[in-house]
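Below is one structure, written out as structure tokens, with a few remarks after it.
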Amino acid sequence: KPIQSKYYDKRLEMNMKEDKRYKPHVHKLLLLGAGESGKSTLFKQMVTIHGPGYNEEERKKYRPIITSNTISAMQCLCRASDHLAVKGDAENDEELSKCRIQDSKAKEYKNEILKLKVLDSQLTESLCQKMKVIWEDPNIKHTFKYRGRFSLADSAEYFFGRLDCTWRPNYIPTLQDVFRSRVRTTGILEQKYVHHDSQFVLFDVGGQRNERKKWIHLFENVTAVIFVVSLSGYDQILYEDKKVNRMMESLRLFEEICNLKWFNRTNMILFLNKSDLFEGKLPEVPLSVCFDDYKGPNNDFDSASTFIREKFEARNKSLRKQIYTHMTNATDTGNVLVVFNTCQDIIIRKSLEQAGLLMN
């Protein structure tokens, strides 16, 4: 795979420099953002809305990914249960100590699941029943409240809720299953489509730190950068650096991207993504755990999201550049369609203005 990815990166770079398909009237959109922000889910939505979509045969290919996502998430939760309980004992923190599984059956199943090799395992009825017992355990539910302290996939709760069907021999992943499944993006993906007689090409690139060097030099002449932020990442840590908060990493990266010389004349669109998870988390975890200067109500979505939007927009150092900000939920096709249509209309209008064909 690394060899294929390297070849594809090189081929894409040559195409963008030489291929006539990428002439100026084709609007090039670049999806950027830190890892786990939801860029790839947005890309899947565009494949569904404007591309070939995911027919039954395509969706079947996601079954092993869903199996891997489900088992990995359960193992992660079980390890965290043990780790946080030990930490609670050492620090005399009764709440953390409550993460330790007490039920003997759940404890037995936990030990079995931790021994599984993810890539070699299949979801069976027996395994899924055992995972259901663990998921319903009160100490595991308590551990889940502390998920910001460990790298648990955002789709974990969703797939734990699908344990009654994902093991079945005739199971075919739904479109929502495909959207929720997670494989880290390496290299660069592209999707071409037409909106209001204008041609667009959307690029999705890897968000982890080690992926960024692959794409930053390629996109000097893009029409717009769509920077994706996980709103729910305000209490989470990076997959690749357990000491760094995801929201802080996104702020740092946005400031870097927004002010790059290559993007001086590029439309900058900010997607504050995972709004549904953010709204659900706020009553449990105050925004002040990430921003000590936030003084708004803990469970007020509008106040909290506006505060984060202003934090990001303040990182723009150019008075001439406007940031177009939208709240998004990448797993909601209706929401993505409305937001993307709005952004595409803005891009077309801006291009006409720059060409002198439309007055400001």
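The values are calculated or read from the model by the stated rules, or taken from the named source; none is laboratory data. A quick note: this is a predicted structure, and the numbers were derived from the prediction, not measured. Reconstructed Cβ throughout: ideal geometry from the backbone, glycine too, with neighbour counts over all protein chains shown. Ligands, DNA and RNA are excluded from the accessible area calculation, which covers all protein heavy atoms including side chains. Shrake-Rupley method; radii C 1.70, N 1.55, O 1.52, S 1.80 Å.
For segment 183-198, the condition holds for at least one residue, the condition being that it is crowded, with 20+ Cβ neighbours inside 10 Å, at pLDDT below 90, within 19 Å of the chain's Cα centre (by Cα) and not small (Gly, Ala, Ser).
The single residue among 291, 278, 271, 340 that is among the aromatic types (Phe, Trp, Tyr), part of a loop (DSSP other than H, G, I, E, B) and open to solvent by less than 50 Å² (accessible area, probe 1.4 Å) turns out to be 291. Scanning segment 294-303 for residues that are open to solvent by 30 Å² or more (accessible area, probe 1.4 Å) and closer than 18 Å to residue 233 by Cα returns 298, 299, 300, 301, 302, 303. Filtered by the rule that a residue be touching a residue at least 60 places away in the same chain (Cβ under 8 Å) and either basic (Lys, Arg) or touching a strand residue (DSSP E or B) at 6+ places or on another chain (Cβ under 7 Å) (or both), segment 237-257 gives 237, 242, 246, 250, 254, 257.
Between 261, 321, 317, which is without any contact (Cβ under 8 Å) to a residue 40 or more places away in the chain and either among the aromatic types (Phe, Trp, Tyr) or closer than 22 Å to residue 30 by Cβ (or both)? Only one candidate passes the filter, namely 261. The number of residues in segment 124-143 being in contact with a helix residue (DSSP H, G or I) (Cβ under 7 Å, 6 or more places away or on another chain) and surrounded by 17 or more Cβ atoms within 10 Å (Cβ to Cβ) comes to 8. Residues being surrounded by 19 or more Cβ atoms within 10 Å (Cβ to Cβ) and farther than 23 Å from residue 136 by Cβ: count how many of those fall in segment 150-180. Residues meeting the conditions: 3.
Taking segment 243-253 as the range and being open to solvent by less than 50 Å² (accessible area, probe 1.4 Å), modelled with pLDDT of 90 or more and more than 22 Å from residue 343 (Cβ to Cβ) as the test, the residues that pass are 245, 246, 247, 249.
Restricting attention to segment 37-76, and to residues there that are small (Gly, Ala, Ser) and open to solvent by 10 Å² or more (accessible area, probe 1.4 Å), which single residue is nearest to residue 231 (Cα to Cα)? Steps first, answer last, please.
Our first condition is that a residue be small (Gly, Ala, Ser); within segment 37-76, this holds for 37-38, 40, 51, 53, 68, 72-73.
In the following step, the residues that additionally are open to solvent by 10 Å² or more (accessible area, probe 1.4 Å) were identified as 38, 40, 51, 53, 68, 72.
On the way: 38: 10, 40: 16, 51: 27, 53: 27, 68: 25, 72: 23 Å.
Out of the qualifying residues, it is 38.
Each residue in segment 217-242 was checked for being modelled with pLDDT of 90 or more and part of a loop (DSSP other than H, G, I, E, B), and 1 of them qualify. Out of 97, 121, 81, one residue alone is in contact with a helix residue (DSSP H, G or I) (Cβ under 8 Å, 6 or more places away or on another chain) and either in contact (Cβ under 8 Å) with a residue 60 or more places away in the chain or of a type in the set (A, V, I, L, M, F, W, C) (or both). It is 81. The set of residues from segment 254-266 being open to solvent by 20 Å² or more (accessible area, probe 1.4 Å) and outside any helix (DSSP H, G or I) comprises 259, 260, 264, 265.
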